[in-house]
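> My structure is below; once you've seen it, I'll send some questions.
The values are calculated or read from the model by the stated rules, or taken from the named source; none is laboratory data. Note that the structure is a prediction, hence the values are computed from the model and not measured. Cβ sites come from the backbone with ideal geometry, for glycine too, and all protein chains shown count toward neighbours.
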Amino acid sequence: MTKYVISGGKPLHGEVEISGAKNAAVAILPAALLVDGVCRIENVPNISDVTMILGIMRDLGANVRMINQTTVELDCSHVYKQNVPYELARQIRASYYLIGALLGRFGRAEVPPPGGCDLGVRPIDQHLKGFSAMGAEIQVENGFIYAASPTGRLHGAQIYLDVVSVGATMNILLAAALADGLTIIENAAKEPHIVDLANFLNSMGADIMGAGTDVIKVRGVEKLRGGFYSIIPDQIEAGTYMTAVAAAGGEVRINNVIPKHLDCITAKLVEMGVEIQEDGDALIVRRSGKLTSTNVKTMPYPGFPTDMQPQIAAVLCLAEGTSILNEGVWDNRYRYADEFRRMGANIQVNGKVAVIEGVHALTGAPVCACDLRAGAAMIVAGLAANGITEIDQVYHIERGYEGIVEKLAKLGADIHEEAIPEEDWRSGNSVG
Ligand SMILES: CC(=O)N[C@H]1[C@@H](OP(=O)(O)OP(=O)(O)OC[C@H]2O[C@@H](n3ccc(=O)[nH]c3=O)[C@H](O)[C@@H]2O)O[C@H](CO)[C@@H](O)[C@@H]1O
Ligand SMILES: C=C(OP(=O)(O)O)C(=O)O
């Protein structure tokens, strides 16, 4: 077990490279199960969620070859299993994509309900509704989801999602790519990773139209062929570095981004007094003056992303005046508020709303990364705080951020990773 130790209060300067998108990679890698032939996938982020997905695929019989740290070749022609072990599936949210991919390829799947960050109730009823409409029979028994089509193949269907769900949209896309006939997904999610998954599948021979709008049409094809694909840059990783500069001050060039994907984050930071300049596939983020308060409501894309809510909260804690945060996607995404209070923040939470009174400065403290983005927010706060912040349970952060300690250290942050002595984490003496 390790912790991150930050000595805060130093502005950030220099350039940072953004890695491939976690939430695209964790769907595109399982999508290779649908492909007849070898897929070479580039710009794969080197994060633990990807390691887990690749572990599951190896367990199913896929041939997984790392060409370098961010390029992987997958050959799924010898996959022989359709059941995902409980211990592997429970560690990540994205294991739910194995249901759509295995159903699409073999007409059957046995997958435990997924894990992922604890953000309140995280149902997958809309995924299962979609698979049922496509001819799969679904049973949930003994901690597993059993899904199978009696004919061995799914058929197209018209599916209206009752809620805008990223996971259900992507999972139905996976199931529909090889199904018999036309599938129409209505009220689909529009996140950049949905477009990326559709682009990947189309480049392998699928027939998908409308990804990025709320109606997606998938005409099933007989087979998909192998090829090359490069994953889009991570919108949330880029946004996290933007908030780090906003909180700590300084000037950083954030390379390898799609600025359009960041408009929702840019707009809020500009309202708060941060200067942001677009330069091709880079953003230059500068903050020297005071931050001013603003209100933020999270929503499905193109709204402000819920996965940036804790990080923007860290900046709002330092903004002059009162800010109101409204979480529009998850029931319980403020578990980090107690940790911020340890650092001197003034944040009151009532249900899905948080009221933040900006303080002049935060102070370093021992805090806990209670989930992935909460952990990222602790880093953002720690970079701005006076004194030492020690962040525990950093394995949550490593699910989604490639080399975050090294990237920040290169920007001049005083941050390092330190082992927690075994007797401390066994006795619960470490924070969190
Ligand atoms: C691996 C991955 O990509 N995770 C992301 C994905 O999670 P995930 O795919 O789990 O999130 P969804 O978009 O499905 O969830 C959005 C909302 O719909 C509800 N819902 C969802 C599915 C369903 O069957 N029934 C239902 O009621 C959820 O409770 C939630 O309130 O999108 C979220 C919203 O952008 C992000 O926070 C996560 O980082
Ligand atoms: C909530 C997140 O991830 P997951 O859905 O994988 O838990 C996230 O990326 O912020």
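> When you go through ASP338, ASP371 one by one, which is the residue that is among the acidic types (Asp, Glu) and within 14 Å of ligand 1 (Cβ to nearest atom)?
After ruling out the rest, the residue left standing is ASP371.
> Restricting to the range 10-68, name every residue that is more than 14 Å from ligand 2 (Cβ to nearest atom), under 18 Å from PRO192 (Cβ atoms) and either out of contact with any helix residue (DSSP H, G or I) (no Cβ under 8 Å at 6 or more places or on another chain) or free of Cβ contacts under 8 Å to residues at least 40 places away in the same chain (or both).
Hits for the range 10-68 are GLU42, ASN43.
> So which pairs qualify, if the first residue must be in the range 394-423 and under 14 Å from LYS22 (Cα atoms), the second must be of a type in the set (A, V, I, L, M, F, W, C), the Cβ gap must be under 6 Å, and the two must be at least 6 apart or on different chains?
Qualifying pairs under 6 Å: HIS396/ALA369; HIS396/LEU372; ILE397/ALA369; ARG399/LEU372; GLY400/ILE47; GLY400/LEU372; GLU402/ILE47.
> Something else about it: Go through the range 69-96 residue by residue and tally those that are in contact with a helix residue (DSSP H, G or I) (Cβ under 9 Å, 6 or more places away or on another chain) and either assigned by TED's automatic domain parsing to the domain that holds LEU372 or without any contact (Cβ under 8 Å) to a residue 24 or more places away in the chain (or both).
2
> Turning to a different aspect of this structure: Out of the range 338-389, which residues are in contact with a Cys (Cβ under 8 Å, 6 or more places away or on another chain) and of a type in the set (Asp, Glu)?
Scanning the range 338-389 gives GLU339, ASP371.
> Enumerate the pairs (first residue in the range 263-276 and of a type in the set (A, V, I, L, M); second residue anywhere and part of a loop (DSSP other than H, G, I, E, B)) with beta-carbon separation below 6 Å, excluding pairs fewer than 6 apart on the same chain, so at least 6 apart or on different chains.
Listed by first residue and then by second, the contacts come to MET272/LEU291; MET272/THR294; MET272/ALA319.
> Identify, from the list ILE324, ILE312, the residue that is over 18 Å from the mean Cα position of the chain (by Cα), in the same structural domain as ALA374 (by TED's automatic domain parsing), under 16 Å from ILE356 (Cβ atoms) and aliphatic (A, V, I, L, M).
ILE324
> Still on this structure, please answer the following. Residues of the range 355-375 being surrounded by 24 or more Cβ atoms within 10 Å (Cβ to Cβ) and closer than 24 Å to THR322 by Cβ, which ones?
Of everything in the range 355-375, those that are surrounded by 24 or more Cβ atoms within 10 Å (Cβ to Cβ) and closer than 24 Å to THR322 by Cβ turn out to be ILE356, LEU362, VAL367, ARG373, ALA374.
> In the range 283-301, which residues are surrounded by fewer than 19 Cβ atoms within 10 Å (Cβ to Cβ) and either assigned to a strand (DSSP E or B) or in contact with a His (Cβ under 9 Å, 6 or more places away or on another chain) (or both)?
Once the filter is applied, which keeps residues that are surrounded by fewer than 19 Cβ atoms within 10 Å (Cβ to Cβ) and either assigned to a strand (DSSP E or B) or in contact with a His (Cβ under 9 Å, 6 or more places away or on another chain) (or both), the range 283-301 yields ILE284, ARG286, THR292, LYS297.
> Using the structure shown, decide if MET299 is modelled with pLDDT of 95 or more, within 16 Å of ligand 2 (Cβ to nearest atom), over 22 Å from GLY375 (Cβ atoms) and not assigned by TED's automatic domain parsing to the domain that holds ASP162.
Considered against the rule, which asks whether it is modelled with pLDDT of 95 or more, within 16 Å of ligand 2 (Cβ to nearest atom), over 22 Å from GLY375 (Cβ atoms) and not assigned by TED's automatic domain parsing to the domain that holds ASP162, MET299 comes out as yes.
> Could you please let me know if LYS260 is of a type in the set (Lys, Arg), assigned to a helix (DSSP H, G or I), without any contact (Cβ under 8 Å) to a residue 24 or more places away in the chain and out of contact with any Leu (no Cβ under 6 Å at 6 or more places or on another chain)?
In short, yes.
> Let me ask something else about it. In this structure, is LEU173 hydrophobic (A, V, I, L, M, F, W, C) and either in contact with a strand residue (DSSP E or B) (Cβ under 7 Å, 6 or more places away or on another chain) or more than 12 Å from ligand 1 (Cβ to nearest atom) (or both)?
It is true that LEU173 is hydrophobic (A, V, I, L, M, F, W, C) and either in contact with a strand residue (DSSP E or B) (Cβ under 7 Å, 6 or more places away or on another chain) or more than 12 Å from ligand 1 (Cβ to nearest atom) (or both).
> If you don't mind, another one. Evaluate the following for VAL257: is it farther than 22 Å from GLY20 by Cα and either surrounded by fewer than 17 Cβ atoms within 10 Å (Cβ to Cβ) or assigned by TED's automatic domain parsing to the domain that holds ALA413 (or both)?
No.
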